[in-house]
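Worksheet for the structure shown next.
The values are calculated or read from the model by the stated rules, or taken from the named source; none is laboratory data. Source: prediction; values computed, not measured. Note: ideal-geometry Cβ built from the backbone for every residue, glycine included; neighbour counts use all protein chains shown.
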Amino acid sequence: MKILLSTFGPDPENTLAAMKALPYQKLVLIMSEDSKDTPAFKMIVDNEAKAKGIVETLIVDEYDLKDCFRSITDYILEERNKDKKGENEIIINISGGSKILGDAALLAAFEMGVPAFHCEKSRTVRFPVLRGVTLRDRLTESQIAVLKELGTMDTIDEIVERVGDRLTEETIRKALRELRQLGVIRTVPSDGKITLELTEAGILVLETINRFEKMRG
C-alpha cells in the first residue's frame, strides 16, 4: 500500500497539491486537534469518501518540534512493524501546516529514510533520501557518550569526572566543544560557575538516540 503522510493546516492548498501530484492509497494528515473543525479538513474527508479513499489523522502539537517529530517517527515505525512482507511504501509531504510541523516532518523523513516532498500548486520538489544520516550518525561515539552523561547544570569538571573512566579529558572537552557548536548543548552561568545544559535540539537528539537504541535491543 502506498501511504502519503502530509502535514496539514487551515490552508489546504499545498496538501491538495500533494494529493494531486503524489500517488497514494491511504492519506494520513498530520495536524493539530483544532484542524478537525476547519472547512478544509471536512472538504478533504468528503472528497476522499466519495473516491472511496482511506483517510487517517495523526494529531500533534504543531508548534512543538519534539512532539511532531516523535509522533511522525512512531507512526512510521508502527507501520513498518505491521508490514511483515515489506509491501508498504511511505512518503511524506512537508508543505502543509506550520513551519515547525514541516521542519519536524522533514527531520523525521531523514531519520527514517523516507522520501520527502514539498508540494505547491505550481511545482513539486523531492528531497534526497539520506540513508545512514540519522541523528545518531551525525555524532561521534565520544560525543554520544558525553551527551548521555550530561545532567542538569553540570560543570565541565563534573562531566570529566563522570566520563573519565572511558574517555580522556582532552577527548571529553573536545566533544563538549563540538556539541556546543552543533547547538546540542549550551553554557549557562550559575553561582559564579559555567555550567552546561541540553538545548531543545539536544533533548530531541538524546531522546531519539535512546528510543532507537532501546528498540534495536
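Annotations for the structure displayed:
- Each residue in segment 34-75 was checked for being in a helix (DSSP H, G or I), more than 22 Å from the chain's Cα centre (by Cα), under 21 Å from Ile91 (Cβ atoms) and not hydrophobic (A, V, I, L, M, F, W, C), and 2 pass.
- Some residue of segment 77-90 being touching a residue at least 40 places away in the same chain (Cβ under 8 Å) and under 21 Å from Ala201 (Cα atoms): no
- The residue that is nearest to Leu27 (Cα to Cα), counting only those in segment 55-70 that are in contact with a Leu (Cβ under 6 Å, 6 or more places away or on another chain) and at pLDDT 95 or above, is Val55.
- Output for segment 81-125, where each listed residue is basic (Lys, Arg) and either in a helix (DSSP H, G or I) or crowded, with 19+ Cβ neighbours inside 10 Å (or both): Lys82, Lys99
- Subset of segment 162-217 [hydrophobic (A, V, I, L, M, F, W, C) and not in a helix (DSSP H, G or I)]: Leu167, Leu182, Val184, Ile185, Val188, Ile194, Leu196, Leu198
- Ala201 vs. criteria within 30 Å of Asn93 (Cβ to Cβ), assigned by TED's automatic domain parsing to the domain that holds Glu13 and surrounded by 13 or more Cβ atoms within 10 Å (Cβ to Cβ): no
One line per residue, one yes/no per condition, for (1) modelled with pLDDT under 95; (2) more than 23 Å from Ser122 (Cα to Cα); (3) among the acidic types (Asp, Glu):
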{"residue": "Leu27", "(1), (2), (3)": "no, no, no"}
{"residue": "Phe41", "(1), (2), (3)": "no, no, no"}
{"residue": "Glu48", "(1), (2), (3)": "yes, no, yes"}
{"residue": "Ala51", "(1), (2), (3)": "yes, yes, no"}
{"residue": "Tyr75", "(1), (2), (3)": "no, yes, no"}
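- Enumeration of residues in segment 49-76 that are more than 17 Å from Ser6 (Cα to Cα) and in contact (Cβ under 8 Å) with a residue 40 or more places away in the chain: Lys66
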